[in-house]
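This report refers to the structure that appears directly beneath it.
The values are calculated or read from the model by the stated rules, or taken from the named source; none is laboratory data. Just so you know, these numbers come straight off a predicted model, no measurement behind them. Quick reminder, even Gly has a Cβ in these numbers, built from the backbone with ideal geometry, and neighbours come from all protein chains shown. Side chains are part of the model used for accessible areas, which takes the heavy atoms of the whole protein and leaves out ligands, DNA and RNA. Shrake-Rupley method; radii C 1.70, N 1.55, O 1.52, S 1.80 Å.
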Amino acid sequence: MDSKQLEAFDSHVAGEGKVEPKDWMPDNYRQTLIRQISQHAHSEIIGMQPEGNWISRAPSLRRKMILLAKVQDEAGHGLYLYSAAETLGVSRGEMDQALLSGKAKYSSIFNYPTLTWADAVAIGWLVDGAAITNQIPLCRCSYGPYARAMVRVCKEEAFHQRQGFEGMMALAKGTSEQKAMAQGALDRWWWPSIAMFGPPDDDSPHSAQSMAWKIKRFSNDELRQKFIDMAVIQAQALGLEIPDPDLKLNEETGHWQTGPIDWDEFWAVVKGKGPCNRQRMTHRRKAHDEGAWVREAAMAFANKQQQKSEKAAA
Ligand code: BYC
């Protein structure tokens, strides 16, 4: 590696310059982005499953239409992100294989089941709320294609979060059974949602370098705290109780302090031992196999178009 190139790269990034696909970049920077962007894309695609399960059982036509549109949006996010990762020289096929073989991760949060309609709604409120807290700073990521993809993703996530909160409000202000459903969903999704920000800072191997490269703008714990401060106030507005007897406002810092997070559970889920890991991957592999004919047809069509344009140019 040429030290002058590295120096120029570091000072470009330090001065808030964007890195574009054809620019020189250190190999570790490229590999870090491929890892993060592809895993982010996989999370969007696997993330369609827990909510998708409720499309046929949504309680009204309006809720069904909203949920269908939201799940389609998540597919779109996956596609923007796979495209952004492809600009770094990795193919879609390689990324698919990494997911299907279990080499690449996806977000821990999608390995939990959606037991009731309220769970599907709580995903919109809490999981999309966590996602947007994490993703707004990514709009300022140093890698141009990722930052630009995030701008559109965040606009859609903001809508998703609001529809989730509105759905929770309808349940929380409904009958006592509906309110109990909303509380049950909050009980199930609270801890997984705050763990979703990743391990604590002193146990996060990638954070320091990713922050130096301005890929990450805030640490895992900083983003987690931002989310907790927002969600606690929202839970109060809903009249629901956060399932944490140790939760308290720290008067000095102005931040809400939680009890201990169960990191053993988090790592078990990341390593494949969550309640739904096996189901999510079985479903994904089946969908991939059943989509083989679509990929073949798309390739045949692309080849035909290319031959046509080569013929026209000859
Ligand atoms: N789950 O050093 P760390 C969505 C892994 S999609 C599983 O802190 P980093 C949505 C991490 O990958 C939500 N694994 O890593 C979709 C690393 O392992 P590897 C996804 C996790 O990268 C549909 C190891 O732990 N969002 O929002 O600096 C509907 C050490 O961690 C998790 C994104 O992907 C986890 N939760 O920071 C609704 C956002 N956390 O890779 C919503 C983009 C950590 O070395 N990604 N790990 O094998 C990021 O911002 C960062 O990659 C993370 C982790 C904050 C997630």
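What does the charge count around residue 152 come to, taking other residues whose C-beta lies under 14 Å from its C-beta (Lys +1, Arg +1, Asp -1, Glu -1)?
Numbers: positive: 148, 155; negative: 44, 73, 74, 156, 157.
Net local charge, residue 152 excluded: -3.
Whenever you get a sec, compute what percent of the accessible area on region 212-299 sits on carbon and sulfur atoms (1.4 Å probe).
Using a 1.4 Å probe with all protein chains present, region 212-299 comes out at 55 percent carbon and sulfur.
What is the sum of charges around residue 86, taking Lys and Arg as +1, Asp and Glu as -1, for the other residues whose C-beta is under 13 Å from the C-beta of residue 86?
In short, 0.
Return the single residue from 83, 38, 91 with maximal mean-square fluctuation; model: Gaussian network over the chain, springs between Cα atoms under 10 Å.
The residue with the greatest mean-square fluctuation here is 91.
Roughly how many debye, to the nearest 20, is the charge dipole of region 194-314 about its Cα centre, given +1 on each Lys and Arg Cβ, -1 on each Asp and Glu Cβ, and no other charges?
Roughly 1280 debye, rounded to the nearest 20.
Pick out, in residue order, every one of the GluC sites (Glu not before Pro) in region 5-51 that is DSSP loop and has at most 10 other C-beta atoms within 10 Å; say none if there are none.
For GluC sites (Glu not before Pro) across region 5-51 that sit outside H, G, I, E and B with at most 10 neighbouring Cβ atoms in 10 Å, the list reads 16.
So what's the net charge close to residue 8: Lys and Arg +1, Asp and Glu -1, counting the other residues with Cβ under 12 Å from its Cβ?
-3
Most fluctuating residue of 130, 172, 212 in a GNM of the chain with Cα springs under 10 Å: which is it?
212
Rounded if a/c is under 1.5, else prolate if a/b beats b/c, else oblate: with a ≥ b ≥ c from the C-alpha gyration tensor eigenvalues square-rooted, which is the chain?
oblate
Among 218, 297, 256, whose Cα lies farthest out toward the positive end of the dipole of region 190-314, if unit charges sit on the beta carbon of Lys, Arg (+1) and Asp, Glu (-1)?
Towards the positive end, the residue furthest out is 297.
Straight-line reach from residue 155: which aspartates and glutamates fall under 20 Å, measuring Cα to Cα and dropping same-chain residues less than 8 apart?
Straight-distance partners of residue 155: 44, 51, 73, 74, 128, 166.
Can you give the charge dipole size of region 250-314 about its Cα centre, rounded to the nearest 20 debye, using +1 on the beta carbon of Lys and Arg and -1 on the beta carbon of Asp and Glu?
Numbers: 11 positive and 9 negative charges, 164 e Å.
For this selection, approximately 780 debye.
Any idea what angle helix 27-46 forms with the longest principal axis of the chain, computed on alpha-carbon atoms, 0 to 90 degrees, nearest 10?
Once rounded, one gets 50 degrees.
Can you tell which of 180, 237, 98 shows the greatest fluctuation in a Gaussian network model of the chain with Cα springs below 10 Å?
Result: 237 has the largest fluctuation of those listed.
Take the Cα coordinates of region 89-167, assign each an equal point scatterer, and use the Debye formula without solvent to give log10 I(q)/I(0) at q = 0.18 Å⁻¹.
-0.92
Would you kindly compute the Cα radius of gyration of region 234-286 and its largest Cα-Cα separation (Dmax), both in Å?
17.0, 52
Residues of the chain: accessible area per residue at 1.4 Å, in Å²?
In whole numbers, the chain has 51 Å² accessible per residue.
With each label point set 7 Å from Cα along the Cα-Cβ vector, what nm distance links residue 268 and residue 173?
Between residue 268 and residue 173, the simple spin-label model gives 3.9 nm.
Using a simple charge model, +1 on the beta-carbon of Lys and Arg, -1 on the beta-carbon of Asp and Glu, nothing else, what dipole does the chain show about its Cα centre, in debye to the nearest 20?
Details: 38 positive and 39 negative charges, 283 e Å.
Approximately 1360 debye in magnitude.
Using a Cα-Cα cut-off of under 17 Å, which aspartates and glutamates could be cross-linked to residue 304, ignoring same-chain neighbours fewer than 8 residues away?
Cα-Cα hits under 17 Å: 296.
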